[in-house]
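Throughout, read-outs are computed from the coordinates displayed, never taken from laboratory work. Because the structure is predicted, anything quoted here is derived from the model rather than measured. Virtual Cβ from ideal backbone geometry, glycine too; neighbours counted across all protein chains shown.
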Amino acid sequence: MSTETEIPFENIPEIALAWHKNGKGAILATVVETWGSAPRRVGGQLVVNREGEMHGSVSGGCVEAAVVFEAIDALETGECRLLEYGVSDADAFAAGLACGGRICVFLEPIGSILPVELLEQLLDCRAQRCPVAYCVNINSGKSTLAFSGHETRMLMDTSGLEEDRETFIAVYNPPVRMVVVGAVHIAQALIPMARLTGFDPVLIDPRESFASEERFPGEKIIIEWPSDALEKLGNDRRTGLVLLTHDPKIDDPALEFALSSDYFYVGALGSKKTHAQRISRLEKKGYSDNQMSRIHGPVGLAIGSATPAEIALSILCEMVKCLRRTR
C-alpha cells in the first residue's frame, strides 16, 4: 500500500479557480491513497467543471469517466466525497481499472467545501514560490494551509495521509525552476522539453539578438547579465542552472553565483578541455574542490548525444536524476 508520494508539477488549482470564477463551477479530485500498481501516484489531481470539461488525471485514463460522473454530481450537491476503485470492484472493471491496483480519490467542490479565499491564498503562495502545505480532513472537508509543522513532507516533497487516516497533507512546493544561460540552439530544444517535463524554465542572455521572442516564442526571457539576473531570481534548492554560452564573460559570473547557492544542479556546456580551463579559473579565484565538484561538466548524461536536441535531452535527464537524488 502506498500512502504518499510527490505532487505533480501541474496548474490544476489555478484552472479550478478560473473555472469557478467564470461560473462553470469546479471540483478538485485528488488521489489520496494508492495500493499496488495504481496508474497515478498520491497527489495526482484532476479538475472538473459542471460542463464535463476536465484537466489533469487521477488514473492515467483508467477511471476518469467514473470520477468525472461522480464529480459533476458532487458539484451539484456541494458535498465532498471519498471514492475508491480497485480490481476487486465490478464498477472499477467497468470503469477500466484493470491494471492491478486500487486508488482512493477525494472530491472537493470549490466554494461549498474548499473556500475560494483559501484557494486564492494557496495560489498566491505558489506565485511567490512560497512552500505551503494544504491540509484537509477527508471526512468533513475542512481545510487549512500550514507553513510549518510538516517539515519532513516539505523537504521530501511528499503528499499523503497522516497517521489519523483522516488528514490528507498536499505539499505545494514551488515548481522546479530551470535557469538557462545562453540563448543558443541547444536552449531552443531544452526549454520546451523542460516545460513539458514540468520545469519552470527561465532564459537569461544579455545578447538581445539571441534572446528574442522570435527564437523563443512564449518563454520567459531576461535580457541581462546573468549575475544580475540570478540575484533578482533568488536562491533556493528547487532551482537548477545550465550554462550554454561557452563564453567565460557570461558563464563565469553566473557559475560563481551558483557555487555559493543552494541550487540542486549546476551544469556547464563544454568539452573536457574547456571544463579543465573553467576549473583552473575558479581555482585561481579561491573556490574549493568541494564547491567545484558541484559542476556537471561536460554537461549532460553520457548518452552519445550529437545534435542540439540530443544534447538537450541528456541535460534534462541529468537534471532529473540530480533532482531525485537530492530528496
Inset, instruction - Specify the residue with the greatest mean-square fluctuation among 163, 33, 219, computed from a Gaussian network of the chain linking alpha-carbon atoms under 10 Å apart. - result: 163
Legend entry - Charged-residue dipole, Cβ positions (Lys, Arg, Asp, Glu), the stretch 177-325 about Cα centre, Debye nearest 20: 540 debye
Legend entry - Helix 12-21 vs. the chain, principal-axis angle (Cα, 0 to 90°, nearest 10): 60 degrees
Legend entry - For peptides 234-246, 124-136, sequence by mean Cβ density within 10 Å, most packed first: 234-246, 124-136
Inset, instruction - Counting only DSSP beta bridges with both residues in the chain, tell me the antiparallel percent, nearest 5. - result: 65 percent
Legend entry - Cα-projected label distance for residue 209 with residue 84, points at 7 Å along beta-carbon direction, nm: 6.6 nm
Inset, instruction - Report, to the nearest 10°, how far helix 185-197 tilts away from the longest principal axis of the Cα atoms in the chain, using its own Cα long axis and a range of 0 to 90°. - result: 20 degrees
Inset, instruction - Could you tell me which of the pairs 21/321; 249/284; 285/321; 284/321; 21/142; 249/321 are separated by over 27 angstrom between their Cα atoms in the structure shown? - result: 21/321; 285/321; 284/321; 249/321
Legend entry - When the chain is reduced to its Cα atoms, the Kirkwood hydrodynamic radius in Å: 21.5 Å
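Provide the gained length on full extension for the span residue 65 to residue 140, in nm with one decimal, where the gain is 0.36 nm per separating residue minus the Cα-Cα distance.
Full extension of this stretch gives 24.5 nm more.
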Inset, instruction - Give me the angle, in degrees from 0 to 90, between the Cα long axis of helix 248-259 and the longest principal axis of the Cα atoms of the chain, rounded to the nearest 10. - result: 50 degrees
Inset, instruction - Among DSSP beta bridges lying fully in the stretch 177-325, give the percent that are antiparallel, nearest 5. - result: 0 percent
Inset, instruction - For n ≥ 4 DSSP H runs only, could you compute -39500 (n - 2.57) per run for the chain, divide by its residues and tell me the 222 nm figure to the nearest 500? - result: -10500 deg cm²/dmol
Inset, instruction - Evaluate the relative contact order of the chain (contact order divided by residue number), counting alpha-carbon pairs under 8 angstrom at least 6 apart; express in whole percent. - result: 12 percent
